[in-house]
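Novice: Structure below; questions to follow.
The values are calculated or read from the model by the stated rules, or taken from the named source; none is laboratory data. Remember, predicted model here, so these are calculated numbers, not experimental data. Cβ: placed from backbone, ideal geometry, glycine included. Neighbour counts: every protein chain shown. Calculation scope for accessible area: heavy atoms of the full protein, side chains included, ligands and nucleic acids excluded. Shrake-Rupley method; radii C 1.70, N 1.55, O 1.52, S 1.80 Å.
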Amino acid sequence: MMIPEEELNKSHGFNFAPMIDFLFLMLALFATLAMSRAVLSDTEISLAELKAEKGASAKSELHAIHLSINAEGKYKWLTEFQEYPMETSLAIQEELSRQYQLGALPQNRTQTEILLHIDKKAPWEPIAQAIFAVREVGFTARPVYENLAP
């Protein structure tokens, strides 16, 4: 009986398949951790629901500034009487700084709320630029959710 030569001279190779599987699992684990950490960093943004005020409350001490971002990503500064188009997020920063210097805004910046009225079709980049622009001058921006259902 003859034994084939391949079986007599077995190659002494190493099976890399389990190691590669392990590396892919580690890669998936760290990618998941990185994504969850990125999601957790956005938890500073909270939604505020606007309700009709029935009487004076602690919220009456807050000064609200309303900014809108439309579906094209254009900004508007909204007042009770008029809408003022803002060309860039830098223009928003300049206007906030100007009103703060003039004394139109409270000296304590935590008493000023910047409420962002965002169109649901607005691109993400102008929204992020507006939020970061407001934060750079020391204010906080909050997206606004308006419940239009009766």
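Novice: Can you give me the number of residues within the stretch 1-32 that are among the small types (Gly, Ala, Ser), modelled with pLDDT of 75 or more and surrounded by fewer than 10 Cβ atoms within 10 Å (Cβ to Cβ)?
Specialist: 1
Novice: Identify all residues within the stretch 129-138 that are open to solvent by less than 60 Å² (accessible area, probe 1.4 Å) and either within 21 Å of Glu83 (Cα to Cα) or not in a loop (DSSP other than H, G, I, E, B) (or both); write none if there are none.
Specialist: Our first condition is that a residue be open to solvent by less than 60 Å² (accessible area, probe 1.4 Å); within the stretch 129-138, this holds for 130-131, 133-134, 137-138.
Of everything in the stretch 129-138, those that are open to solvent by less than 60 Å² (accessible area, probe 1.4 Å) and either within 21 Å of Glu83 (Cα to Cα) or not in a loop (DSSP other than H, G, I, E, B) (or both) turn out to be Ala130, Ile131, Ala133, Val134.
Novice: Could I ask something else about it? Which residues, counting only those in the stretch 76-128, are closer than 17 Å to Pro143 by Cα, open to solvent by 80 Å² or more (accessible area, probe 1.4 Å) and either among the polar types (S, T, N, Q) or part of a helix (DSSP H, G or I) (or both)?
Specialist: Residues satisfying the conditions are Thr110, Trp124, Glu125.
Novice: Now a separate question. Restrict the check to the stretch 67-75 and report whether at least one residue is part of a loop (DSSP other than H, G, I, E, B), hydroxyl-bearing (Ser, Thr, Tyr) and either open to solvent by 70 Å² or more (accessible area, probe 1.4 Å) or at pLDDT 60 or above (or both).
Specialist: Checked the stretch 67-75: no residue is part of a loop (DSSP other than H, G, I, E, B), hydroxyl-bearing (Ser, Thr, Tyr) and either open to solvent by 70 Å² or more (accessible area, probe 1.4 Å) or at pLDDT 60 or above (or both).
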